[in-house]
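The values are calculated or read from the model by the stated rules, or taken from the named source; none is laboratory data. Here the structure is a predicted model, which means the values were calculated and not measured. All Cβ positions, even for glycine, are placed from backbone atoms using ideal geometry, and neighbour counts span all protein chains on display.
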Amino acid sequence: MASQMAILTRTRILTKAAAAAVSDSNPFFKSITTSTFLSQEPQLAESTYSQPASPSASTPLPPNPASGSPLYNENWRSPIPNSSLTQSLIPMGFLHQSQTARIHALSQTLDVQSLMNVFADWMTSQRWTDMKQLFEFWTRSLDKTGKPNKPDVNLYNHYLRANLMTNATAADLLDLVAQMEDYAILPNTASFNLVLKSMYNAKETAAATKLLERLTQYLIYWALRGLDTAFRSLPIALDFKLMLQTGKESLPDDESYDLVLGMLFLTDEMDASLKYLDLALKSGYMLSMRVFTECVQSCVNKGRLDTLVSIIERCKTMDQNKALCPPWNLCNFIAESAMQEDNSKLAYFALEFMAKWIARGEQARPAVLLSVDEGLVLSAIGTAGRTYNSSLLDASWAILRRSLRQKKPPNPESYLGKIYALASLGNLQRAFGALNEFESTYGNSNKEAEQEMFSPFTSLYPLVLACSKKGFETLDSVYFQLENLSSGDPPYKSVAALNCVILGCANIWDLDRAYQTFEAVGSHFGLTPDIHSYNALMYAFGRLKKTFEASRVFEHLVSLGVKPNAMSFSLLVDAHLINRDPKAALSVIDEMVIAGFIPSKEMLKKLRRRCRREMDYESDDQVESLARKFKIRLGGEARRDILFNLQYSSDFAR
């Protein structure tokens, strides 16, 4: 630090010496001082050039800036005034006024179109109170010609909307509508819709329905004295001819019915809502999705399913309403309610709505894959079978296939439901076609499941009943069709189908046809009879009290190595009971227990009943022992015994 101070001191001394030497040789030389207290104001240098000899040859000066020359756009002494500022739309002091004063001042400068533009701007920012004030000030002001400002119906509707958005009551809006006469304007449909919106907010259903009736009857606007006691004080001064001239402009539109119907559905006035809904559809108006959804919900909750069906049918016939579709969850609710009441038409419409939703989801990007629950579809198939509705059956199967999207086959219950529905409809050709598809899908399942799924005594019994509905005529027709299909391309050979024919022959007590069909399984069709084939033949023998032949069939299937099932033993027990041989039936039950099967409660009750009627008390005790062994409560048969022990005589005829 000491060395630095020494260098600085020495530099200052040398600088002062050099400056003194130079100043002596040049008196105009000035050094720059390092002191902050020295003044450094600029000095005007003296000119070293000589003046010209003549004034005419001198260079002219530039113009004076104070003269306002256009060369100087900005002059600090006398600036050029900006014309854009002097012509401002905002008056001097406008921004320093209050809100009401500014609105009043603004109303003095606007015409109808300008006021509409201001309203459009203020509606986006929801300045409803300012809109009301501006309209009221504007109507009290004069136009350029000195006449009072006169609004048109569209401008006045903006004023009505502003009052509606500031929670004005329906009575207030009706008073404002009545004041439209002062401006020689008539309300249109939009004016009355604003009144209906106010009634909708207040849930004034009676007034709204009366207003809608007046609108539909051309008694518009001044006929509002019939709405309610609160509105009967309105002035009536409009010429009836003028009302009719503006009637078409004041007719109700889609929004009018939408407001009234929505109000009626919300207040749970079902009859009135259906009345005006019918009127809207007759008049050709379009229903909104909200009103349609509320209508569907109300009809389902009230159990008016047939009414809902008629409404949907009418909407489907109209171009403006055929695209209506309830939400997905409501479609499921409609379908469940329709199936509980076996309403096949409504169930069909519900599935149709679901198909629309599935199609929309697949077309969306990204795709939304909707699927109908298979249990719901199975219920729909059952409803189609009970109500004999082929359209519902086809729609159910189509929507099931579309929901599965070929990722997995339908469940066995779905196939069996389809077979049952087709059999109920009497369409045996399609029923056996469904059986063929069922066998190709689940034919290679395990033995126990196959025995239950393809049993003509349980799963396929509806098909058996359909085959024997008209006796041997239907059975022969089915057999010949199966015979023709066996030689087709590709050939269709099915033991399950032939078993249905055998059991059908047994149902009509036709043993010959049953035996011939059983033999044709191996001889003509080249198939091997299964346990169901033997059971059907045993059933045919047992019904005709041919117990010996039924026992021979049982022994034959056992000798061939075919394992009997519980149905085999049950049919053999029934054959002995029909022959009134309870001891033989007990011996079959003993074999059944040894084979690992448990006798059913129904089997033991039938055996006990036969033992008591044959007075075989020893066998009766054995039946009771079996029931206690397998913990089966047989219960009493007092009512059956009363009927059995009735003493019939001619004394009652007297």
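The residues of segment 258-284 that are surrounded by fewer than 17 Cβ atoms within 10 Å (Cβ to Cβ) and under 18 Å from residue 320 (Cβ atoms), listed by number, are 278, 282, 283, 284.
Residue pairs whose Cβ atoms lie under 7 Å apart, separated by 6 or more positions or on different chains, with the first residue in segment 144-155 and closer than 13 Å to residue 177 by Cα and the second among the basic types (Lys, Arg) and buried (at least 17 other Cβ atoms within 10 Å of the Cβ), do not occur. Taking first residues from segment 286-302 that are among the β-branched types (Val, Ile, Thr) and partners that are buried (at least 20 other Cβ atoms within 10 Å of the Cβ) and part of a loop (DSSP other than H, G, I, E, B), the Cβ contacts under 7 Å between residues at least 6 apart in sequence or on separate chains come to 293/326; 296/326. For the residues 409, 462, the requirement of being surrounded by fewer than 22 Cβ atoms within 10 Å (Cβ to Cβ) and part of a loop (DSSP other than H, G, I, E, B) singles out 409.
Residue-wise test of (1) in contact with an Asp or Glu (Cβ under 7 Å, 6 or more places away or on another chain); (2) touching a residue at least 12 places away in the same chain (Cβ under 8 Å); (3) buried (at least 19 other Cβ atoms within 10 Å of the Cβ).
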{"position": "587", "(1), (2), (3)": "no, no, no"}
{"position": "596", "(1), (2), (3)": "no, no, no"}
{"position": "600", "(1), (2), (3)": "no, yes, no"}
{"position": "603", "(1), (2), (3)": "no, yes, yes"}
{"position": "613", "(1), (2), (3)": "no, yes, no"}
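Among the residues of segment 541-555, is any under 54 Å from the mean Cα position of the chain (by Cα), assigned by TED's automatic domain parsing to the domain that holds residue 502, not in a helix (DSSP H, G or I) and not hydroxyl-bearing (Ser, Thr, Tyr)? Reasoning before the result, please.
Here is the first cut: in segment 541-555, the ones under 54 Å from the mean Cα position of the chain (by Cα) are none.
Looking for residues that are under 54 Å from the mean Cα position of the chain (by Cα), assigned by TED's automatic domain parsing to the domain that holds residue 502, not in a helix (DSSP H, G or I) and not hydroxyl-bearing (Ser, Thr, Tyr), one finds none in segment 541-555, hence no.
Report whether or not residue 367 is more than 21 Å from residue 423 (Cβ to Cβ), at pLDDT 95 or above and not charged (D, E, K, R). Show your work before the answer.
Numbers: more than 21 Å from residue 423 (Cβ to Cβ): yes; at pLDDT 95 or above: no; not charged (D, E, K, R): yes.
It is false that residue 367 is more than 21 Å from residue 423 (Cβ to Cβ), at pLDDT 95 or above and not charged (D, E, K, R).
No other residue among 515, 539 is touching a residue at least 12 places away in the same chain (Cβ under 8 Å), touching a helix residue (DSSP H, G or I) at 6+ places or on another chain (Cβ under 8 Å) and over 17 Å from residue 476 (Cβ atoms) apart from 539. Of the listed requirements (1) within 40 Å of the chain's Cα centre (by Cα); (2) assigned to a helix (DSSP H, G or I), residue 137 misses just one: (1).
Going through 381, 334, 358 one at a time, which residue ends up being of a type in the set (Val, Ile, Thr), buried (at least 17 other Cβ atoms within 10 Å of the Cβ), farther than 27 Å from residue 425 by Cα and touching a helix residue (DSSP H, G or I) at 6+ places or on another chain (Cβ under 9 Å)? Break it down stepwise before answering.
Numbers: 381 fails: farther than 27 Å from residue 425 by Cα; 334 fails: farther than 27 Å from residue 425 by Cα.
Of 381, 334, 358, the one residue that is of a type in the set (Val, Ile, Thr), buried (at least 17 other Cβ atoms within 10 Å of the Cβ), farther than 27 Å from residue 425 by Cα and touching a helix residue (DSSP H, G or I) at 6+ places or on another chain (Cβ under 9 Å) is 358.
Residues considered: 398, 380, 367. Of these, the only one that is of a type outside the set (Lys, Arg) and under 18 Å from the mean Cα position of the chain (by Cα) is 367. Taking every residue in segment 557-581 that is of a type in the set (Phe, Trp, Tyr) and pairing it with any residue that is in a helix (DSSP H, G or I), at least 6 positions away or on another chain, the pairs with Cβ-Cβ distances below 8 Å are 569/588; 569/589; 569/591; 569/592. In the set (1) assigned to a helix (DSSP H, G or I); (2) among the basic types (Lys, Arg); (3) exposed (fewer than 12 other Cβ atoms within 10 Å of the Cβ), the condition left unmet by residue 144 is number (1).
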